[in-house]
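Here is the structure we will look at.
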Amino acid sequence: MPFECPIGCPADCCYFDSEEQMPTVFHEEVLRLKEEASRRGVELSFRELGEFNGVKIYRWIVRGWCPFFDKKSRKCTIHDKKPLACKMFPLILDLNTGNIYLSENCIWVKQNGPRPLDDFPHEKNALMKVVVRLKLARP
Ligand code: SF4
Ligand code: SF4
């Protein structure tokens with residue numbers, strides 16, 4: 001059964017109460033998110049995490065609901081522009097071990113249990129972009 005966010009999902013994935021859940025983003029994504037936020041009069045905050053294989057990565061510091069989440073429609077309002085970390089969710093890449101796992105913060109995962117990577121074609125595609133960008137694999 002391929003992964004698909006159920007309509008009306010409470011979208012716990014867009015609510016953050018611990019730093020480890022917050023998205024890890026690339027420099028150009030920081031710029032893009034800031035641009036989107038400034039259009040909406042919102043300020044965003046990022047913390048540099050350092051370099052991974054020479055690529056700078058940042059933690060998007062977002063507490064509570066993401067400012068781009070629309071609580072009424074329960075949808076992301078920057079779907080095409082959201083960072084790869086959001087596009088690949090519920091797939092998570094552990095930068096310390098290189099392991100890929102499924103987030104337990106996703107309701108679909110909670111309901112359907114462990115599933116093969118091929119059940120997440122779009123998310124896997126985003127994950128591969130991250131893997132290539134971090135030089136963990138060749139394109
Ligand atoms: S950018 Fe979109 S998908 Fe990512 S946390 Fe915010 S609302 Fe959710
Ligand atoms: S990724 Fe998971 S928690 Fe987030 S909206 Fe989709 S099904 Fe819901």
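Using the Cα gyration tensor of the chain, with a ≥ b ≥ c the square roots of its eigenvalues, what is the shape: rounded (a/c below 1.5), prolate (a/b larger than b/c) or oblate (neither)? Don't jump to the answer; show the numbers that get you there.
On the way: a/c = 1.69, a/b = 1.03, b/c = 1.64.
Cα axes put the chain in the oblate bin.
Any idea how far apart Lys56 and Lys34 come out in nm if each label point goes 7 Å out from Cα toward Cβ?
0.9 nm
Which GluC sites (Glu not before Pro) does region 27-87 hold that lie in a coil by DSSP with at most 11 other beta carbons within 10 Å?
Qualifying residues, ordered by number: Glu43.
At 0.36 nm per residue, minus the direct Cα-Cα distance, what do Trp65 and Arg115 gain on full extension? Give it in nm, one decimal, please.
Going from the current span to full extension adds 15.3 nm.
Sort out the exposed loop trypsin sites (Lys or Arg not before Pro) in the chain (DSSP loop, at most 11 other Cβ within 10 Å) and tell me the longest stretch that has none.
Working: sites that count: Arg40, Lys71, Lys72, Lys135.
For trypsin sites (Lys or Arg not before Pro) (loop position, at most 11 other Cβ atoms within 10 Å), the longest site-free span of the chain is 73-134.
Between Val132 and Ile107, how high is the FRET efficiency from 1/(1 + (r/R0)^6) when r is the Cβ-Cβ distance and R₀ = 30 Å? Nearest 0.05.
Calculated transfer efficiency: 0.55.
Each value in this text was obtained by applying a stated rule to the coordinates, not by laboratory testing. Being a predicted model, the structure only gives us computed values, none of them experimental. With ideal geometry, Cβ positions are generated from the backbone for all residues, glycine too; neighbour counts draw on all protein chains shown.
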